[in-house]
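Beneath this line is the structure, given in structure tokens, with notes to follow.
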Amino acid sequence: MDKERRHGENQDSDWIFATDDPHTLPTERLPDRAEFDRYSAPLLARRRSAALPPGENETVDLSGLDPEQLPAGTEPDAATGAIPAIDPDAEEDAVPTTVTVPEESVGPSTTAPLRAPRDVTYARSGTTPNAEDEDAPATGLNGFVLPERFKDLGIFDALRDVMALICMVAAMTTTFTVAHSTLVDGVGKIVIGVGLAALVAVHLMRWIPSTPPLPAIRVVRVAGLAPALLVAVGTVVSDLVGSLPVLFSSLPDGPPVGLGVGVSLLLLGAILGIEPRAHEGYLPQARARRVARILLVAVGIAAAAALLLALVMIIGRLFTTGWSYSLLVIGDTVISALLLGIVLASALLRERSWYVFSTAAVSSLAVAALADNTLQLQFAAPLSFATDYVYLPFLFAALGLMISRSFVRTMPIAFQRTDWLVFTVRAFEFSALLHTAAVLWHVLAAVVATSGRIQGSPVLHLIDAAVCLCFVAVSLFARTSLLSRPAVTARANGVIAGLLMVVVGFLDVIVNSLATGAGAGLVTGGTALTVGIAAALMLTVPAPVRDEFGAPDIVRMFADFRARDSGSVSLLSQVPDVTEETARKKAFPGR
């Protein structure tokens, strides 16, 4: 309530119209009709004094009338407040009713009639909606409501099936093998067709019958997707077997098999689609969760074995193909192994924020790989054990396991509003790590460019190395600001850093595409462009936490973010300090 009341103003006006101090509003009592009329009388008088000239569409204040004397249909709607239009002809034909209008309300007025007491409804701030609003039918997303039979369909299970369907269709349209083997490509298309038919069949069997056969649905799903999984794994193994005899050869005609991005997409689609869903009556038990974790460890072991094989191939190629080829493969291997290590470590170490961010990052790579025929991105280029470090099948297999129902149930995932800041910090850390590896790649590429074995001059690669080093510095600056600077300054620094990475990354992509014909990637500014957009959106679009009065509070949001781990107490803090006691000299007791 106001500290100093305004003179000449009704004392009852403070009940709801006080603005200086919202903390002391007396919301324990609502005004009655007499109090409201006393407050509104001077307001209506001021409106009448400034009224427009009498016109055809003017209204008359009927607040002084008895509600029983008003003609039927002239009261505003109780729910919406809309004033109905009166037909003049119908009013003439109606039964005449004696209406006495007070003299003070005969003049022109620009206010609408007030509601009768029986229709007045009040809603306090912070309470539940009115009764008429509670009776409204529940609506879904943007007013869309699923039919009753689809009530058991979970949104994440539906997304898994949609992603599996899209990945398998894209595997049919993108490069499957470099050698374009008729047998391998033909078998791949057959199992993709079988897998697509199984995905459609399980949904028809689940939603069309009134009593669906859930055990049969689970069998159809596993049996239909198992061939696709076996063919994807078999193609990777066939490339490994075919590459071992020619591991140190120059291979001017390319690898014997070669793995296109279609193999990785088929592997991802099969892993996502083969696990039964919750609406099919399947609940992952402890054994399934343990198997999912074991399979993820197996993917890590296989990736480490492939890395060891790649190192052997690189060393052998020093004597057969030349040092320039080995240097380029070393640069590619460092970047690929770093990315794969971040993803696998986040899942196996159960680090929640890194797990969520890594899953989102690899999912964006999978979405970008769907359009490989158009985008020609660097990470989706064909690979072979005979020429490169094969990492993409292991990366997509890890993604499929990490977002499976069996593995997700082992992760302590609980989203909070301050997690947007955590993910932003992880994005800048991710950028700093990968762009550090990109600096190494450009330095090696500049050395190789002196021999003319790579597109682009040494100067261009050194400039790109400097640009990637600037990305590292900007990422570390933004991370430090978010962790230590004042809230408003930290948010501004993070947004500016993100926008700077977007602009410079976009220019870097354009320059490299014109100079070397390379597509967007880590070493050409594509990753900086993506990270900058993501960081800027995460800092600006999500609404911050609100204070006890409902106002956005950036300071409180950053305080909660920085104190999120303050509840954990180290064991060392509970160890007593015995420094003084051990330093004190004690005499041995005499006999």
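The values are calculated or read from the model by the stated rules, or taken from the named source; none is laboratory data. Keep in mind it's a predicted model, so treat the numbers as computed, not measured. In this analysis, Cβ positions are derived from the backbone assuming ideal geometry, glycine residues included, and neighbour counts consider all displayed protein chains. Calculation scope for accessible area: heavy atoms of the full protein, side chains included, ligands and nucleic acids excluded. Shrake-Rupley method; radii C 1.70, N 1.55, O 1.52, S 1.80 Å.
Surface composition of the stretch 143-238: carbon plus sulfur atoms contribute 78% of the solvent-accessible area (1.4 Å probe, protein chains only, all chains present). Ordering Phe156, Phe423 by accessible surface, largest first, gives Phe156, Phe423; the 1.4 Å probe counts only protein heavy atoms, with every chain in place.
Going highest first, how would you order 170-183, 207-220 by mean Cβ packing within 10 Å?
Highest to lowest by the protection proxy: 170-183, 207-220.
Extending 7 Å from the Cα toward the beta-carbon at both Leu348 and Val241 defines two label points whose distance is 2.8 nm. Annotation for the stretch 471-572: chymotrypsin sites (Phe, Trp or Tyr not before Pro) lying in DSSP loop with at most 13 further Cβ atoms inside 10 Å of their Cβ are Phe549.
Please report the net charge: other residues with Cβ closer than 15 Å to the Cβ of Leu328, K and R +1, D and E -1.
Cβ neighbours under 15 Å give a net charge of -1.
Solvent-accessible area of the stretch 324-409 (1.4 angstrom probe, protein heavy atoms only): carbon and sulfur portion equals 68 percent.
Amide H contacts of Thr177: Gly260, each under 5 Å away and 5 or more positions distant or on a separate chain (H built 1.01 Å from N in the peptide plane; Pro and chain starts excluded).
Rolling a 1.4 angstrom probe over the protein heavy atoms with all chains in place gives the stretch 387-513 an accessible area of 40 Å² per residue. Each residue of the stretch 162-179 is assigned a 3J(HN,Hα), and the resulting list reads 5, 5, 4, 5, 5, 4, 6, 5, 5, 5, 6, 9, 9, 5, 9, 10, 5, 6 Hz, derived from the Karplus form 6.51 cos²θ - 1.76 cosθ + 1.60 (θ = phi - 60°), x at Gly and Pro. Taking 7 Å steps out from each Cα toward its Cβ at Thr450 and Ala158 produces label points 6.0 nm apart.
Could you state the number of Å between the C-alpha centres of the stretch 378-398 and the stretch 227-288? Computed from Cα coordinates, the inter-centre distance equals 11 Å. Kindly report, to the nearest 10 Å², the accessible surface of Glu148 as traced by a 1.4 Å probe over protein heavy atoms only. Accessible area, nearest 10 Å²: 130 Å². Length gained on full extension, Ser457 to Ser250: 72.1 nm, using 0.36 nm per residue less the C-alpha separation. Sites listed here are chymotrypsin sites (Phe, Trp or Tyr not before Pro) in the stretch 285-386 whose DSSP assignment is loop and whose Cβ has at most 12 other Cβ atoms within 10 Å, and the list is empty. Here r is the Cβ-Cβ distance between Leu433 and Lys151 and R0 is 35 Å; the resulting FRET efficiency, rounded to 0.05, is 0.20.
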